[in-house]
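Since every read-out is calculated from the coordinates, none of them should be taken as a lab result. As the structure is a prediction and not an experimental result, all values here were calculated from the model. Cβ atoms come from the backbone with ideal geometry, glycine included; neighbour counts cover every protein chain shown.
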Amino acid sequence: MNMEEIKIASRAIHNGRILNLREDTVRLPDGSEALREVIEHHGGSCVAALTEQRELLLVRQFRYGASKVLWELPAGKLEQGEDPACCAARELIEETGYRARRLQSLGCLHPTPAYCQEVIYMYYADELESAQQQLDEGEFLEVSAVPFDAAVKMVMDGEITDAKTVIAILKLKEMLK
């Protein structure tokens, strides 16, 4: 069965610093037409970094869209054309002040595929060494080293709700079995 929707027209609604919004007219498989609102976003990377003591580096920061402080893995948006692994390594240093000798892919995820093109690439990092934290201008966060099993419990108890963080922690738990 063909389920593909074909774009037949597109109209820019907003072009911003982090994302763009457009409205597309699409042809559905049955020949009818529908409107689709699409957020264009370069995507991002996150990194689940484990210390030698099996502690996961987590950050807490206020997220305006959620209107609260969230626990998250170090993460950031991809620059145009940037390799996702390079982004993960850069964000780990910038946000936590640690560099990883080893970075391994945990796959990717589509956080909201119904209306957003964003893809988030997830990585596992270990063999960490201390570096200099380099927060972006206007970035305010706290870094915590949380025992890995406690971080998994935080996910299961609903204390960690950020989607990329939840998924990466649970994928890492399975990988480390």
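Computed extension gain for Val146 through Gln117, at 0.36 nm per residue and net of the alpha carbon distance, reaches 7.3 nm. Here, the range 44-175 is characterised by an Rg to Rh ratio of 0.93, where Rg is the alpha-carbon radius of gyration and Rh the Kirkwood radius.
Between their Cα atoms, which of Lys68/Lys153; Lys68/Lys171; Lys7/Lys171 are more than 31 Å away from each other? Among Lys68/Lys153; Lys68/Lys171; Lys7/Lys171, the Cα-Cα distance tops 31 Å for Lys7/Lys171. Extending 7 Å from Cα along the Cβ direction at Gln132 and again at Leu28 yields two label points whose distance is 5.8 nm.
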